[in-house]
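The values are calculated or read from the model by the stated rules, or taken from the named source; none is laboratory data. Please read all numbers here as calculations on a predicted model, not as lab measurements. Cβ atoms come from the backbone with ideal geometry, glycine included; neighbour counts cover every protein chain shown. Remember, those area values only see protein heavy atoms, side chains included, never the ligands or the DNA or RNA. Shrake-Rupley method; radii C 1.70, N 1.55, O 1.52, S 1.80 Å.
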Amino acid sequence: MAFFSKNIDMLNGTIWDKMVVFAIPLALTGVLQQLYNLADVAVLGHFVSNEAVAAVGTNVPIVGLIVAFCIGLSIGANVVVARYLGMRKYDDASKAVHTAFATAVIFGVIAMVIGELCSSILMVWMQVPPNVVRDSEIYLQMYLLGMPFISIYNFLSAVMRSQGDTQTPLWALCIASVFNALGDLFVVTVVDWGIGGVALMTALANLFPCLQAHAHRRTALSLSQTPLQDG
């Protein structure tokens, strides 16, 4: 089995080497997700103000909670699809994939709408200092515009992982991270949009991994009769 194989057959042959190839991209994806907003903090701290950095920091618990809940739901979809694939019940697996996709869209839209409507209340509950309340609210509202993209990416990534592909979600997130960093620099140094522009770039950057995941819809949304092939 080649190291750069995308679809890994976990059902046949030795398991230890496949687990390593499967786990390394998965771990790197998790690290990259944790560092995703580092570009926002770096750019705002260098070019804008300390208050802007504080505004990003105050939203970390809120964003983290929403994203963690989304990831938890996607892991459930991963388990269901992987179980059906392992049992060779491809029709049931395909239905589970479509259900997961619908759930991703619904959850993303609901999270976005609730977040936008409740952003002011959340600032009060979080006891955000008055001098950063406005910036914090702007960042949260702009960031949540990308929530449907984040949700779809996580669910489709879970489906791809259930088929043994952990590399595609990683590369998609790498592209998004580069776009986010370059976009942050552009909106701050060229068009001077401040924290709102940085948050907008972060939301738009989430569109890239979502589109990349959806580009694999032939394997993610229409499972073939041989979905677990060793590359």
Give the Rg (one decimal place) followed by the Dmax (whole number) of the chain, computed from C-alpha coordinates and expressed in Å. 19.1, 60
State whether segment 92-219 is rounded, prolate or oblate according to the following rule on the C-alpha gyration tensor (a ≥ b ≥ c being the square roots of its eigenvalues): a/c under 1.5 gives rounded; otherwise a/b larger than b/c gives prolate, and the remaining case gives oblate. oblate
Which value, in Å², gives the accessible area per residue of the chain when a 1.4 Å probe is used on the protein heavy atoms? 49 Å²
Charge sum, other residues only, whose C-beta stays under 14 Å from L204's C-beta, Lys/Arg counted +1 and Asp/Glu -1: -2
Mind telling me which of M126, M160, M142 comes out most flexible in a GNM of the chain, alpha-carbon contacts under 10 Å? M126
Between 0 and 90 degrees, rounded to the nearest ten: what's the tilt of helix 90-125 against the longest Cα principal axis of the chain? 10 degrees
Against the longest alpha carbon principal axis of the chain, how many degrees, from 0 to 90 and to the nearest 10, is the axis of helix 130-144 turned? 30 degrees
Angle, helix 50-86 long axis vs. longest principal axis of the chain, Cα atoms, 0 to 90°, nearest 10? 10 degrees
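How would you classify segment 23-66 from its alpha-carbon gyration tensor, with a ≥ b ≥ c the square roots of the eigenvalues: rounded for a/c under 1.5, else prolate if a/b is greater than b/c, otherwise oblate?
Details: a/c = 5.63, a/b = 1.80, b/c = 3.12.
Oblate, since a/c reaches 1.5 and b/c is not below a/b.
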For the pair H98 and R83, how long in nm is the line joining their label points, each one 7 Å along Cα→Cβ? 2.0 nm
Within the chain, which is the longest segment that contains none of the chymotrypsin sites (Phe, Trp or Tyr not before Pro) sitting in a DSSP loop with at most 10 other Cβ atoms within 10 Å? 5-231
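Is the shape of segment 139-211 rounded, prolate or oblate, going by the alpha carbon gyration tensor and its root eigenvalues a ≥ b ≥ c, with a/c under 1.5 for rounded and a/b larger than b/c for prolate? Display every interim value, and only then the final one.
Values: a/c = 4.67, a/b = 2.03, b/c = 2.30.
Oblate is the answer for segment 139-211, as a/c is 1.5 or above yet b/c matches or exceeds a/b.
So which trypsin sites (Lys or Arg not before Pro) in segment 75-180 pass both tests, a DSSP loop state and at most 16 other Cβ atoms within 10 Å of the Cβ? The partial results should precede the final answer.
On the way: sites: R83, R88, K89, K95, R134, R161; in loops: R88, K89.
Of the trypsin sites (Lys or Arg not before Pro), the ones in loops of segment 75-180 whose Cβ has at most 16 other Cβ atoms within 10 Å are R88, K89.
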